[in-house]
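The values are calculated or read from the model by the stated rules, or taken from the named source; none is laboratory data. Since the model is a prediction, treat every value here as computed from it, not as a measurement. No Cβ is skipped: glycine too gets one built from the backbone with ideal geometry, and neighbour counts run over all protein chains shown. The area values use the complete protein model at the heavy-atom level, side chains included, leaving out ligands, DNA and RNA. Shrake-Rupley method; radii C 1.70, N 1.55, O 1.52, S 1.80 Å.
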Amino acid sequence: MNLCLVEHLDGVATDASLQAFTLAAGLGGETHALVIGPGGAEVAATIPAAVVYVAEHDALDAFAPDAWAAILCAMPSRTGVTAIVAPGSARATDAMARAAVRLGEPLAANCISATPGNPLLLTRIRWGGSLLEEARLHTDCALLTVVPHTLPAVAPGSPGAVERFTPELADADLVVRVRERVAPPAGGVSLTDAKVVVTGGRGVGSAEGFVVVEELAGLLGGAVGCSRAVTMSGWRPHTDQVGQTGNKIAPEIYIACGVSGATQHIAGAKGAKRILAVNTDPEAPIMSVADYAVVGDLHEVLPAISAELRRRRG
Amino acid sequence: MKALVCVKRVPMTGGRIVLTDDEQAIETKHLGFAISPHEECGVEEAVRLVEAHGGESVVLTLGPPDAEEQLRDAMAIGADRGIHLVTDGEEWDPEATAGAIVAAVIADETASGPFDLILFGNESADSGGFQTGLRVAYALGRPCATGLKAVAVGDGSFRCEQEEGGGRNVYELPLPAVVTVLEGLNLPRYPSVPGRMRAGRKPLEASTPERPASRLERARLVVPAGESKQAEILGHGADAASAVVDLLEQIGVTS
Ligand SMILES: Cc1cc2nc3c(=O)[nH]c(=O)nc-3n(C[C@H](O)[C@H](O)[C@H](O)COP(=O)(O)OP(=O)(O)OC[C@H]3O[C@@H](n4cnc5c(N)ncnc54)[C@H](O)[C@@H]3O)c2cc1C
């Protein structure tokens with residue numbers, strides 16, 4: 001039997017959790033689910049698992065990763081679990097890694113497929129998705145996290161049963177616990193939600209050079225992104241960076257200007273529906289990942305696009 | 001403040017990943033190497049903490065003999081000394097890596113006193129296991145917060161921040177502690193020429209741990225298919241503007 005950790009936000013199971021559930025269900029046998037913290041009982045009612053366990057405890061109103069790990073570890077003895085699957089979110093990954101140490105098991109992070117058997121055959125991502133690894137996991141209790149947005153989400157449904165319980169938590173499990181939550185800044189289009197992202201790379205040439213990038217992004221109601229070369233030069237803050245070690249974006253169109261198209265940059269733009277490259281070099285690697293391209297100097301091309309947009313708007 | 005930062009040497013793969021014939025590794029013959037970006041910020045932070053509070057910063061890597069280059073890079077921006085756990089170039093899994101690091105930390109602490117803070121990258125750039133720092137923290141019995149974008153030393157405690165959903169989670173850890181950090185924590189400095197000269201003379205201790213068998217066994221690496229297309233050229237220079245706006249209108253993102 002498998003156990004899937006289901007995270008929830010504002011009373012709803014996260015998509016990434018329901019995608020992880022799909023992988024867990026594919027391992028065969030019964031799939032059970034674990035929901036942690038306040039609001040868990042309502043969420044449990046929407047998960048089509050044989051049994052949904054709901055861990056409830058006063059201390060769980062703020063995220064405490066060791067407490068989550070303690071709960072995950074109490075589960076195998078509770079239900080005879082042979083695999084624990086979780087979404088590859090930051091929280092769940094953290095808790096799963098702690099659970100792995102406590103159980104003395106390996107953790108296979110960021111899987112995209114798993115074929116049942118012993119060993120379990122896995123495909124997991126490396127380099128933020130630029131490379132795949134096929135691996136064999138030798139263990140009686142497999143711990144896996146699942147890359148978000150690669151598998152379909154399981155459709156909501158009623159659980160066979162819901163079992164609420166109060167886990168035993170030691171003081172040590174609550175040392176690392178969120179003390180304070182700082183709300184997101186209001187206003188502005190966030191890079192991760194934007195329908196249009198206009199990114200400038202090293203080809204922009206300077207911090208001031210970003211005026212043309214900002215202008216086009218502004219006209220399209222989009223967000224400005226940048227490459228790591230730009231961040232490392234101090235031209236833009238790291239919060240604007242797109243890529244493996246920056247933001248993962250999913251716009252309708254990604255306009256990448258003066259960006260060569262390194263694998264680590266493109267790893268952040270895999271969710272983009274279309275890519276338009278603006279580059280002086282027709283041989284740049286980005287030309288083989290982009291759908292459309294303009295060959296030319298971004299300092300001429302971008303102002304011309306902005307002017308044309310204004311002209312058509314009258 | 002005595003800080004240890006653990007870093008990993010990774011290839012700078014650029015525009016296209018090419019594998020070795022046996023599909024076990026990236027072909028690195030023509031590639032340069034760097035400290036994985038998250039850890040590069042870890043090094044900068046350790047150096048800043050010691051600049052602000054006094055003490056010592058130490059950099060550790062588990063990697064092939066050539067990984068001394070990354071230890072020297074870290075020492076060039078200010079780390080005081082290095083610990084090199086030398087491998088034969090084979091990849092070590094997170095359990096094995098953490099085991100060797102724990103042994104090295106215990107040995108170093110026995111000889112020269114405890115570390116207040118041990119920093120790791122949240123995940124390595126190449127294998128992305130997301131667990132080495134946590135494994136070390138558990139083995140040493142120290143608290144650990146992960147994925148940090150800001151840290152600050154207070155009176156006997158350590159305040160750190162994690163980004164989540166556009167906002168931030170704040171933690172306070174007692175020291176000694178282990179943290180895993182993300183790029184964006186700071187903007188790492190470039191090493192100066194005198195810094196590089198000094199780095200060559202800083203102490204570096206090397207040892208050769210034994211690699212245990214892995215329970216997460218790599219069968220092969222695969223470059224994902226369907227990556228290669230040929231972009232449709234909409235035009236050259238400013239003359240392409242009209243075709244670009246046609247495209248934007250067609251997608252429906254112009255209003
Ligand atoms: C582990 C690791 C993680 C990384 N993570 C990231 C990440 O998250 N995000 C990221 O972006 N990078 C990341 N990188 C770095 C990445 O490998 C590249 O170095 C980086 O993306 C290059 O940035 P760039 O394309 O802006 O610069 P370059 O590679 O220098 O490319 C500049 C491009 O601009 C073009 N150009 C120059 N002038 C003009 C002009 N006037 N008009 C139009 N085009 C022009 C050039 O033809 C060239 O193609 C990572 C690297 C490593 C090793």
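Just a few scattered comments:
- Between the alpha-carbon centres of segment A:1-73 and segment B:200-255 there is a gap of 33 Å.
- Unit charges on C-beta of K, R, D, E only; dipole of the protein assembly as shown, Debye: 440 debye
- Point-charge dipole on Cβ atoms (K/R +1, D/E -1) for segment B:2-229, about Cα centre, debye to 20: 440 debye
- Axial C-alpha extent at least 20 Å, average Kyte-Doolittle at least -0.5 - helices from chain B (DSSP): B:37-53, B:94-112
- Per-residue mean of C-beta atoms belonging to partner chains within 10 Å, peptide A:163-172: 0
- Among A:169-182, A:10-23, A:293-306, B:97-110, the peptide with the highest mean count of other Cβ atoms within 10 Å heads the list, and the full ranking is A:293-306, A:10-23, B:97-110, A:169-182.
- Of all DSSP beta bridges in segment B:105-186, antiparallel share, percent nearest 5: 60 percent
- Selection from A:Thr14, A:Pro167, A:Val204 lying farthest towards where the dipole of chain A points positive, charges on Cβ: A:Val204
- Length added when fully stretched, A:Asp297-A:Glu56, from 0.36 nm per residue minus Cα-Cα: 80.9 nm
- Prolate/oblate/rounded label for the protein assembly as shown (Cα gyration tensor, a/c 1.5): oblate
- Of the GluC sites (Glu not before Pro) found in segment B:157-242, those in coil by DSSP whose Cβ has at most 12 other Cβ atoms within 10 Å are B:Glu210.
- Calculated FRET value between A:Glu168 and B:Glu249, using beta carbons and R₀ = 51 Å, to 0.05: 0.25
- Computing Rg and the Kirkwood Rh from the Cα coordinates of segment B:157-255 gives a ratio, Rg/Rh, of 1.16.
- Sparsely packed trypsin sites (Lys or Arg not before Pro) within segment A:194-294, loop by DSSP, other Cβ within 10 Å at most 12: A:Lys273
- Pair B:Val102, B:Ala219: separation of 7 Å Cα→Cβ label points (nm): 3.0 nm
- Average beta carbon contacts from partner chains per residue of A:302-308, 10 Å cutoff: 5
- Accessible surface of B:Leu140 - all protein chains present, 1.4 Å probe, nearest 10 Å²: 40 Å²
- Selected from B:Val181, B:Ser207, B:Asn169, residue furthest toward positive end of dipole (segment B:159-247; charges at beta carbon): B:Ser207
- Cα-projected label distance for B:Val170 with A:Thr280, points at 7 Å along beta-carbon direction, nm: 4.7 nm
- DSSP bridge analysis restricted to segment B:2-229 gives an antiparallel fraction near 40%, rounded to the nearest 5.
- Placing R0 at 30 angstrom, the Cβ-Cβ distance between B:Glu69 and B:Asp22 gives a FRET efficiency of 0.75 after rounding to 0.05.
- At R0 = 41 Å, FRET efficiency that the Cβ-Cβ distance of B:Ser207 and A:Thr115 yields, to 0.05: 0.55
- Only DSSP H runs of four or more residues enter the estimate; each adds -39500 (n - 2.57), and after division by the residues of the protein assembly as shown the mean residue ellipticity at 222 nm equals -8000 deg cm²/dmol.
- Each peptide in B:57-70, A:92-105, A:46-59 receives the mean, over its residues, of other Cβ atoms within 10 Å, and ordering these scores from highest gives A:92-105, B:57-70, A:46-59.
- For the peptide B:161-172, the mean number of other protein chain Cβ atoms found within 10 angstrom of a residue's Cβ is 6.
- Compactness of segment A:94-252, expressed as Rg and Dmax over alpha-carbon positions, Å: 21.4, 60
- Which of B:Glu44, A:Glu30, B:Glu91 is most accessible, then next, and so on - probe 1.4 Å: A:Glu30, B:Glu91, B:Glu44
- Ordering of B:193-202, A:35-44 by packing [mean C-beta count within 10 Å, highest first]: A:35-44, B:193-202
- Shape of segment B:6-150 from the C-alpha gyration tensor: prolate (a/c of 1.5 or more and a/b above b/c, with a ≥ b ≥ c the square roots of its eigenvalues).
- Shape call, segment A:1-83: gyration tensor on alpha carbons, a/c limit 1.5: oblate
- In terms of its Cα atoms, chain A spans 65, 41, 35 Å along the principal axes, sorted from long to short.
- In Å², nearest 10: area of A:Val259 left accessible to a 1.4 Å probe: 10 Å²
- Each of B:Asp116, B:Asp246, A:Asp66 has its accessible area taken with a 1.4 Å probe; listed largest first, they run B:Asp246, B:Asp116, A:Asp66.
- Rg/Rh ratio calculated on Cα atoms of segment A:71-162 (Kirkwood radius): 0.97
- Solvent-accessible area lost in complex, 20 Å² minimum, residues of segment B:1-46 relative to chain alone, 1.4 Å: B:Thr13, B:Gly14, B:Gly15, B:Ile17, B:Ile26, B:Pro37, B:His38, B:Glu40
- Point-charge dipole on Cβ atoms (K/R +1, D/E -1) for segment A:196-312, about Cα centre, debye to 20: 360 debye
- Rotationally averaged projected area of chain B (alpha carbon convex hull; nm²): 18.8 nm²
- Distance (nanometres) between label positions extended 7 Å along Cα→Cβ at A:Ala186 and A:Ser288: 4.9 nm
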